[in-house]
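First up is the structure itself, then whatever we jot down about it.
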């Protein structure tokens with residue numbers, strides 16, 4: 001395999017290769033985290049995507065984490081070919097050889113096995129996973145959110161309601177009696193993080209409202225007040241029923257312990 005290059009070095013390297021090539025994105029220590037097939041400067045698009053979009057995927061989270069630490073993404077040109085099919089074949093072989101993180105067999109953030117039809121596999125696969133949580137598109141609003149939320153965590157009463165029919169929406173404050181942290185509360189926070197594209201970390205700000213399939217929903221009063229009372233969240237700012245919720249360190253730890261690191265990383269709302 002070729003040497004590791006930075007973004008400048010890989011440009012020069014690509015001048016001496018066939019038009020279709022297979023590349024590997026690596027961490028600072030050389031560990032691979034993504035394999036792709038490209039032409040021209042395709043391999044550099046991932047860093048640009050991480051800088052210029054709010055998309056939350058495992059691959060983009062790794063790139064942003066490296067940037068925050070002052071590290072650079074390293075590039076390795078594995079091989080190049082005059083025809084696209086050979087490059088796709090090598091991409092699939094290399095992904096299988098190194099191993100995908102989501103299958104627990106390696107460090108790669110790839111979400112498919114590669115090959116033709118998977119030009120941007122990580123986000124496409126992740127979006128399909130998110131879409132599978134929404135339920136049937138022609139269901140009534142309440143049925144839609146109920147099915148979606150039950151996929152997150154099975155509960156008897158879903159703590160997210162359609163705004164249009166939830167007439168009792170009110171402000172959030174501490175209750176007289178404190179109810180401990182519960183999975184349905186953690187599920188409400190994961191739901192708004194997913195829908196609003198928020199990366200989970202202590203102190204992150206989560207909108208109380210979320211939009212799913214063009215329908216606006218809201219975290220219900222009772223669960224919101226319970227989370228304020230038990231210290232999972234703090235009301236940060238905003239008018240009543242449109243609050244922004246600050247996730248506390250203890251709330252963050254409970255959400256992660258409830259859903260697990262792998263689930264949240266694969267959903268694109270937690271850094272690995």
Being closer than 22 Å to residue 268 by Cβ, in contact with a helix residue (DSSP H, G or I) (Cβ under 7 Å, 6 or more places away or on another chain) and surrounded by fewer than 20 Cβ atoms within 10 Å (Cβ to Cβ): is that true of residue 44 here? yes
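Assess whether residue 265 counts as being at pLDDT 95 or above, outside any loop (DSSP other than H, G, I, E, B) and within 19 Å of the chain's Cα centre (by Cα). Quick ask: steps written out before the conclusion?
On the way: at pLDDT 95 or above: no; outside any loop (DSSP other than H, G, I, E, B): yes; within 19 Å of the chain's Cα centre (by Cα): yes.
Against the criterion (at pLDDT 95 or above, outside any loop (DSSP other than H, G, I, E, B) and within 19 Å of the chain's Cα centre (by Cα)), residue 265 does not qualify.
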If I filter segment 90-103 for residues that are surrounded by fewer than 19 Cβ atoms within 10 Å (Cβ to Cβ) and in contact with a helix residue (DSSP H, G or I) (Cβ under 7 Å, 6 or more places away or on another chain), do I get at least one hit? no
Only residues that are surrounded by fewer than 16 Cβ atoms within 10 Å (Cβ to Cβ) and in a loop (DSSP other than H, G, I, E, B): list them for segment 53-71, please. 53, 54, 69, 70, 71
Is at least one residue of segment 210-220 closer than 24 Å to residue 57 by Cβ, part of a strand (DSSP E or B) and out of contact with any strand residue (DSSP E or B) (no Cβ under 8 Å at 6 or more places or on another chain)? yes
Subset of segment 155-187 [within 18 Å of residue 210 (Cβ to Cβ), surrounded by 19 or more Cβ atoms within 10 Å (Cβ to Cβ) and at pLDDT 85 or above]: 159, 160, 161, 172, 184, 185, 186, 187
Considering residues of segment 6-31 that are crowded, with 20+ Cβ neighbours inside 10 Å and in contact with a helix residue (DSSP H, G or I) (Cβ under 7 Å, 6 or more places away or on another chain) only, the residue nearest to residue 74 (Cα to Cα): 25
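Quick test for you: out of 194, 206, pick the one residue that is buried (at least 18 other Cβ atoms within 10 Å of the Cβ), within 20 Å of the chain's Cα centre (by Cα) and in contact (Cβ under 8 Å) with a residue 60 or more places away in the chain. Full working, then the answer.
Details: 206 fails: in contact (Cβ under 8 Å) with a residue 60 or more places away in the chain.
The match here is 194.
If I go through segment 1-31 residue by residue, how many of them are in contact (Cβ under 8 Å) with a residue 60 or more places away in the chain and under 15 Å from residue 71 (Cβ atoms)? Reasoning before the result, please.
Within segment 1-31, the subset in contact (Cβ under 8 Å) with a residue 60 or more places away in the chain is 1-7, 9-10, 13-14, 17-22, 24, 31.
Okay, now just the ones that are also under 15 Å from residue 71 (Cβ atoms), so 4-7, 31.
So the count comes out to 5.
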With (1) under 18 Å from the mean Cα position of the chain (by Cα); (2) at pLDDT below 95 as the list, and residue 34 as the residue in question, which single condition is left unmet? (2)
Among the residues of segment 188-197, write down those that are in contact with a helix residue (DSSP H, G or I) (Cβ under 8 Å, 6 or more places away or on another chain) and either closer than 18 Å to residue 166 by Cβ or modelled with pLDDT of 90 or more (or both). 188, 189, 190, 191
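The values are calculated or read from the model by the stated rules, or taken from the named source; none is laboratory data. No experiment lies behind these values; they were computed from the predicted model shown. Every residue, glycine among them, receives a Cβ derived from its backbone with ideal geometry; neighbour counts consider all protein chains shown.
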